[in-house]
Amino acid sequence: MAFKEVSRVEITEIIRRWQAAASVRGLARATGLSRNTTKKYVKAAEKCGLTRDGPPPSESQLTELIRLNLAGPRQVMRPAEDVLRPWAERIQQWVQTDHLRLTRIHELLGQQHCVISYMSLHRYVVRQGWLSGKRDTVRMADTKPGEVAEMDFGRLGLMVVDPESGQRRVVWALVIVLGYSRHSFVWPLMRQQLGDVIEGLEAAWAFFDGLPSSVVLDNFPAAVAGPDALSPRLTRGFLEYTQRRRFVADTARVRHPQDKPKVENGVQFVRERFFKGGQFHGLADLRLQARKWCLDVAGLRVHGTTRRLPLVVFNDEEKSALLPWDGERYDVPDWHEATVHPDHHIAYRYALYSAPSTTCPPGTKLEVRGDTKLVKLFHRGTLVKVHPRQPRGGRSTDPADYPTDLTAYTMRCPDRLRRQGAELGDSVGAFADKLLGGPLPWAKVRQAQKLLRLGERYTPARLNAACQKALGVDLIDVRRLERILIEALETENSLTAAAAPPLPGRYARPGSAFAYREVACVPAESVAINNERTVHL
């Protein structure tokens, strides 16, 4: 079982929060330690004389708490020099005369009851000058032509205007070195995202006119999702690219530059021999000069290890051993996870795409693969839908993806509504034809959708009878048709009676009473006389 050493700062924080009346659960949550660990230090603090309302721990009390970090039985700590001084001559003989490894010396000291850690022994031997602090290494075996290529990233430090954003950004260099010939390719770039790296790799395969069987790559996040020394996990996008180009990706270990030694010094070589002192005008010019430099300078130099010209060795021995390069542009995929919305669509790159409701109801998690042409939806590894790629704000909807009972309301199509109305009955179909038969059928779509809902609510038979009654009096109004169904008037003759002429009322007058008659003109004198008479009255 592993033993976690708690630092001095963490112990001080535990005591400080404990004296501030924090609970054990709160201590564990604030410090990230387990509750058992915090309880252990709280009990030890109480044994040392500390209290919740007392002063902070002294240096001696804090030192006593730090000793709890020792695994196993508690013992008085002694300096490594004091422990190993009696064994100095024996250790020197084991190291310099017998050439024993420190692991074996550590075991022998343990058998002689000299208990000390391995790192303390290592530091003691190095300080005495009996062993160099540098690690021994071996030279890797040479690879076959076309077998391995190594890639790495290095920061050039040049600020260049980004053609996409218009801002000045730092330029990086993607360096690829073939393991056999040492022929190299340099691709300046500004980002280490999947699309940018694949663009550089595609340019490298075109430069070499072929591909190696395997590529040793760095642990950059766009390609490696889970760095691990034994079983690294590649991202889905980069793994798909390796399958398309038929090479094997072998990731180097984290902080182990010896896993890709042929390219490790190549980054510094590019920075010193190509970048420093150069004149560049933008990223495009930088890439053109880098390609020319790889052919004229890096390719025609005498390599320090092979003592041969990399470009000559590549053309004579390695180029024919590379995998064939088809020259077709690779469409970089983009993988995302999306959830089906209540409207039976998923959102991908600010566009909407419909998902089949039969296999992917709302709330279903889908895997989305998009490229420049297509968007594919996967459910648990199974392809369920393919859409053409839409721009930002666009939408791709397949009517067959909607549930059958909602298709009529989602598809605002007058002809479709007519056909669905005819399926409910002849009178319903005739009513829908008259309703949507005007010059602006789109203005009646909502009424036609309500007509179909009436068939769901009151059965198609009742709706057909009500439509027949309404058509008899030329009543093309969905709201009044609904009133007929609510009051169950579709089987009565009330509409016929209502259509008959009304009976004469009590105060009915003939039409001549409302006739307009012209009044004869009266002379002005008569009007004046009449006015005078009116005044006298």
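List of remarks:
- Note on the chain: with charges restricted to the Cβ of Lys and Arg (+1) and Asp and Glu (-1), its dipole about the Cα centre is near 1500 debye.
- Proximal aspartates and glutamates to Lys260, defined as alpha-carbon separation beneath 15 angstrom and excluding residues fewer than eight positions away on the same chain: Asp142, Glu147, Glu150, Asp152, Asp218, Asp250
- C-alpha long axis of helix 118-127 to longest principal axis of the chain, angle in °: 50 degrees
- Along the axis of the charge dipole computed for the chain (Cβ charges of +1 for Lys and Arg, -1 for Asp and Glu, origin at the Cα centre), the listed residues Phe280, Gly26, Ala355 are led at the positive end by Gly26.
- Computed from label points 7 Å out along Cα-Cβ, the spacing between Arg16 and Glu337 is 3.8 nm.
- Karplus-derived 3J(HN,Hα), 6.51/-1.76/1.60, for each residue of segment 87-99, Hz, glycine and proline x: 9, 4, 5, 5, 5, 4, 5, 4, 7, 8, 9, 7, 6
- Average Cα contact separation per residue, segment 80-127, under 8 Å, 6 or more apart, as relative contact order %: 45 percent
- In summary, the lysines within cross-link reach of Lys39, defined as a Cα separation below 30 angstrom excluding same-chain residues under 8 places away, comprise Lys4, Lys47.
- Calculated log₁₀ intensity ratio I(q)/I(0) where the Debye formula runs over C-alpha points of segment 148-321, q = 0.10 Å⁻¹: -0.37
- Length available on full extension from Val302 to Arg127: 0.36 nm per residue minus the Cα-Cα distance, which gives 58.9 nm.
- Cα-projected label distance for Leu68 with Glu492, points at 7 Å along beta-carbon direction, nm: 8.8 nm
- Angle of helix 102-111 to the longest C-alpha principal axis of the chain, folded into 0 to 90 degrees and rounded to 10: 70°.
- Cα extents for segment 80-127 along the principal axes, largest to smallest and rounded to whole angstrom: 23, 23, 18.
- Arg480 versus Arg389: modelled label distance in nm, points set 7 Å from Cα along the beta carbon direction: 5.6 nm
- Taking a straight line from the alpha carbon of Lys385, these aspartates and glutamates sit under 13 Å away, with near neighbours fewer than eight places off in the same chain left out: Glu367, Asp398, Asp401.
- Mean silhouette area of the chain, derived from the convex hull of its C-alpha atoms and averaged over all directions, reads 63.3 nm².
- Charges were assigned to the Cβ only: +1 to each Lys and Arg, -1 to each Asp and Glu. The resulting dipole of segment 226-384 about its Cα centre is roughly 400 debye.
- Measuring nothing but alpha carbons in segment 8-69 and taking Rh as the Kirkwood radius, the Rg to Rh ratio lands at 0.91.
- Relative contact order of the chain, defined on C-alpha pairs under 8 angstrom at six or more residues apart (%): 7 percent
- For segment 407-497, the fraction of C-alpha pairs farther apart than 19 angstrom is 31 percent.
- Radius, Kirkwood style, for segment 334-401 when every pair of distinct Cα atoms is counted (Å): 11.5 Å
- Rounded tilt (10° steps) of 35-47 against the dominant C-alpha axis of the chain: 60 degrees
- Calculated mean residue ellipticity at 222 nm for the chain: -11000 deg cm²/dmol, from DSSP H runs with n ≥ 4 weighted as -39500 (n - 2.57), summed, divided by the residue count and rounded to 500.
Computed from the coordinates by the stated procedures, all read-outs in this text should not be read as laboratory data. Bear in mind the structure is a predicted one, so any value in this text is a computation, not a measurement. All Cβ positions, even for glycine, are placed from backbone atoms using ideal geometry, and neighbour counts span all protein chains on display.
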